[in-house]
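Student: Handing you a structure now.
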Amino acid sequence: MARLIRAGDHRGGSMTTWKKAVLRPRFTVACNNLERLKSTGKSILSAFVITIGLLGMSSQAYASLQPYVVGNDRGGFIRDRLIEMRNLRASGQPVEIRGAVCYSTCTMLLGLPQTCISPNTVFGFHGPSKNGRKMAPDRYEYYSQVIAQYYPAPLKDWYLKKGRKRINGVHRIKGAEIIRMGARAC
């Protein structure tokens, strides 16, 4: 069992101090240490500190590149999906659509360059609606274009001609067919 000894109190043989941990990014700690080491002229040690810091950062970068696996996803709100897609695009994180189904706004993930799909996944397409009800024609057209822009060209053409006309229920297309239209297979 460790005991606390005040700074300057050496009765226990060695001085022990306890401090609250201050969490700082590794890069900040490495830079602060580097400045101290530079002032003492220990360039080899400073190179070591930089290397250790970069190794720590590269492990974080590697962890962030683990694939984002989409299981069974039945869709959701366009706005929410666009935010998710913006974050995935910015991170470059690979996206793997591997579930049994990818319906509605989930299909928009096809527009990310880092997305691959399972040939066995069933994709479900329907036109934009407001809680299952028809929208005003101008809003319907606008949201149809927003959705379609994320599809490979042959799928986009099909969606704008036929796929979006269904509001209740979905048109189902197997991943193998979408791969033939230009999507990348996992």
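The values are calculated or read from the model by the stated rules, or taken from the named source; none is laboratory data. Quick caveat: nothing in here was measured; it's all calculated off a predicted structure. Counting neighbours? That spans all protein chains shown, and the Cβs are built from the backbone with ideal geometry, glycine included.
Student: Before we move on, is Lys134 touching a residue at least 40 places away in the same chain (Cβ under 8 Å), out of contact with any His (no Cβ under 7 Å at 6 or more places or on another chain) and more than 25 Å from Gln66 (Cβ to Cβ)? Reasoning before the result, please.
Tutor: On the way: touching a residue at least 40 places away in the same chain (Cβ under 8 Å): no; out of contact with any His (no Cβ under 7 Å at 6 or more places or on another chain): yes; more than 25 Å from Gln66 (Cβ to Cβ): yes.
When the stated conditions are applied, Lys134 does not pass them.
Student: With the requirement that a residue be within 21 Å of Val122 (Cβ to Cβ), assigned to a helix (DSSP H, G or I) and among the small types (Gly, Ala, Ser), what does segment 134-176 give you?
Tutor: Those that are within 21 Å of Val122 (Cβ to Cβ), assigned to a helix (DSSP H, G or I) and among the small types (Gly, Ala, Ser): Ala148, Gly163, Gly175, Ala176.
Student: Collect the residues in segment 65-112 that are among the aromatic types (Phe, Trp, Tyr), under 20 Å from Val146 (Cα atoms) and surrounded by 15 or more Cβ atoms within 10 Å (Cβ to Cβ), keeping them in residue-number order.
Tutor: Once the filter is applied, which keeps residues that are among the aromatic types (Phe, Trp, Tyr), under 20 Å from Val146 (Cα atoms) and surrounded by 15 or more Cβ atoms within 10 Å (Cβ to Cβ), segment 65-112 yields only Tyr103.
Student: Among the residues in segment 124-136, are any crowded, with 18+ Cβ neighbours inside 10 Å, under 18 Å from Gly76 (Cβ atoms), out of contact with any Lys or Arg (no Cβ under 6 Å at 6 or more places or on another chain) and not small (Gly, Ala, Ser)?
Tutor: yes
Student: Output the number of the condition that Gly124 fails; it satisfies all remaining conditions of (1) part of a helix (DSSP H, G or I); (2) under 25 Å from the mean Cα position of the chain (by Cα).
Tutor: (1)
Student: Would you check if Arg172 is in contact with a Gly (Cβ under 6 Å, 6 or more places away or on another chain), surrounded by fewer than 20 Cβ atoms within 10 Å (Cβ to Cβ) and free of Cβ contacts under 8 Å to residues at least 60 places away in the same chain?
Tutor: For Arg172, the condition - in contact with a Gly (Cβ under 6 Å, 6 or more places away or on another chain), surrounded by fewer than 20 Cβ atoms within 10 Å (Cβ to Cβ) and free of Cβ contacts under 8 Å to residues at least 60 places away in the same chain - is met.
Student: Somewhere in segment 115-123, is a residue modelled with pLDDT of 95 or more, of a type in the set (S, T, N, Q) and under 16 Å from Arg81 (Cα atoms)? Full working, then the answer.
Tutor: Start the filter on segment 115-123 by keeping residues that are modelled with pLDDT of 95 or more, which leaves 115-123.
Next, only the ones that are of a type in the set (S, T, N, Q) stay: 115, 118, 120-121.
Then keep just the ones that are under 16 Å from Arg81 (Cα atoms); that gives 115.
Taking every residue of segment 115-123 in turn, at least one turns out to be modelled with pLDDT of 95 or more, of a type in the set (S, T, N, Q) and under 16 Å from Arg81 (Cα atoms).
Student: Which residues, counting only those in segment 95-118, are out of contact with any strand residue (DSSP E or B) (no Cβ under 7 Å at 6 or more places or on another chain) and more than 18 Å from Arg164 (Cβ to Cβ)?
Tutor: Correct list: Pro113 only.
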